[in-house]
Amino acid sequence: MKIGIVGLGFVGLSLSSVLASKGYDIIGIDIDEEKCKTISDGISPFFEPELENLLKNGLKKKLEISNDFSLIRNCDFIFVTVGTPQNTDGSINLSIIKKAVSIIGENLQRSKKKPIILVKSTVIPGTMKKNILPILEKKSNKKAGKDFGLISNPEFLQESTAIRDTKFPHVVVLGGYETEFMKKAKKLFIKLHPNVPIVITNHQTAEMIKYANNSFLATKISFINQLSNICQKIPGANVDDIAKTIGLDPRIGKLFLNAGPGYGGSCLPKDMKALINFANTTGVTPTLLNAVEDVNMKQLEQIISIIKQRLGNLTSKRVTILGIAFKPNTDDIRNSIAIELIKKLQKRKVIITIHDPKAIKNTKKFFGDKIKYANTIVDALSESQCVVIMTQWKQYEKLNNNQFKNMKKKFVIDCRRMLTNKQLDVDYFAIGLGKEN
Ligand code: UDX
């Protein structure tokens, strides 16, 4: 059995590496030749814990990486894991996935196999039936359900735990028609993930499940962020104690209640926008989803107004930002709130210095010499008038008076309450904590 994986981003490369290291015969395909070369050398194009080891291990077994799409002709299963970015109006951009399935379709025409195509890419409800299926049938001159199977198989992995999530998903969703292909796909997943619930449904429901999942997570975050703003007005109130306690109620659950500067990343903001856009096209006004986004945007405004309150006019003021990655243990800065913060501070002519354990290289690509980059936390803080801790990197927990001593003004904004239990000789503001009078 041969498995093809088209699109070697977080999802595709994690899946290729995990399956190959289990001994499956895998061909990982990407249109980007350079990227394919890097991966073939055992180097991951992005930082993801455990990934590179697993990739190297897979390459020693039966993992082949190529930009030659004709190799999918020998595949029994083809996973589509390409990106579905957003248009400027927030709607989903399907051009990459359309192109990928076109090429898959053309190759299917010349294939003797009856493969099962599983689409992991996030697509708005109706896309599989309205776009993907017709393209595949037209380009291959074959019939879905007869000559090949087509299944929606949304992915729920999180960056920074991509390998664990790929090995141990909490659920497998298979959307499509109840054909022999579906039975075969179910068998594969039972073998891959015994004891994991498998939900079989139609395409449009599977597509919607992914948006329901991500928009619910975003809603939890905005909910706790809104509560954290209220807590800030109650002297002595602590949002973490509240989150911990309500999280013990099984109807609520403890995860995704960590108040902070707002959600970012390559998925939640994009999927929220796509769902809002989609809801509007159906005639449903997504009042709650709009509010979730609104709260998210206001978190950042709040940080800026706190800086302004303390520093006054921001022109030529020195601000340090600790943590640029959209979350710890990744070098990914896509839609990171810290990047938005930098952009907004730049507009106000602030002199910005940043530090991040992994994301400096990616941030440099974005801002070039418009901001300063520090390799150590001490360097980042030297002469600074305000420091904002944006990303919950472990090393920031160790911040102490010694590291703050060279700041010109010791004003600390802690978006993740990492330093709450420390005796610090600084002017300290933490999101979600009400200052005692
Ligand atoms: C998300 C979904 O979790 C995942 O299921 C989906 O497949 C892809 O999108 P990811 O983008 O990797 O995963 O990051 P996630 O861990 O969900 O974090 C998203 C953002 O929310 C980050 O900016 C994070 O800092 C923020 N967040 C998360 C909070 O502010 N508080 C929380 O409690 C949790």
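Values quoted throughout were computed directly from the atomic coordinates according to the rules given, and no laboratory measurement underlies them. Small disclaimer: the values here were computed from a predicted structure and weren't measured. As a convention, Cβ positions derive from the backbone with ideal geometry for all residues, glycine included, and neighbour counts pool all protein chains shown.
Quick notes on this one:
- In sequence order, calculated HN-Hα J values of the range 105-111 (Karplus, 6.51, -1.76, 1.60; Hz; x Gly/Pro): x, 4, 6, 4, 4, 9, 9
- For the chain, the longest principal axis of the alpha carbon atoms and the long axis of helix 287-311 meet at an angle near 30°.
- Where trypsin sites (Lys or Arg not before Pro) fall in DSSP loop in the range 130-215, at most 12 other Cβ within 10 Å: Lys143, Lys146
- Top of Ile135, Ile29, Ile252 by mean-square fluctuation, Gaussian network on the chain, Cα under 10 Å: Ile252
- Rounded is the label for the range 300-437. Its Cα gyration tensor axes, ordered a ≥ b ≥ c, give a/c under 1.5.
- Helix-only [θ]222 nm of the chain, DSSP H runs n ≥ 4, -39500 (n - 2.57) each, per residue, nearest 500: -12500 deg cm²/dmol
- Extension gain, Lys422 to Arg251: 0.36 nm times the residue separation minus the Cα-Cα distance gives 58.2 nm.
- Between Thr88 and Phe46, the modelled labels are 2.5 nm apart [label points 7 Å from Cα along Cα→Cβ].
- Label-to-label distance, nm, for residues given as Ile96 and Phe168 (7 Å Cα→Cβ offset): 2.9 nm
- Distance from the alpha carbon centroid of the range 258-325 to that of the range 170-194 works out to 37 angstrom.
- Residues with amide H under 5 Å from that of Val82, placed H, sequence gap 5 or more: Ser121
- FRET E, pair Asn313, Ser70, Förster distance 56 Å, beta-carbon r, rounded to 0.05: 0.35
- Taking the longest Cα principal axis of the chain as reference, the axis of helix 10-21 is set at about 60 degrees.
- With N the number of residues in the range 242-348, Rg(Cα) / (2.2 N^0.38 Å) evaluates to 1.28.
- Scattering curve values for the chain, log₁₀ I(q)/I(0), Debye with Cα scatterers, q = 0.06, 0.12 Å⁻¹: -0.29, -1.04
- Folded to 0 to 90 degrees: helix 203-231 orientation relative to the chain principal axis, Cα: 10 degrees
- Separation of the Lys138 and Leu192 label points, Cα + 7 Å toward Cβ, nm: 2.9 nm
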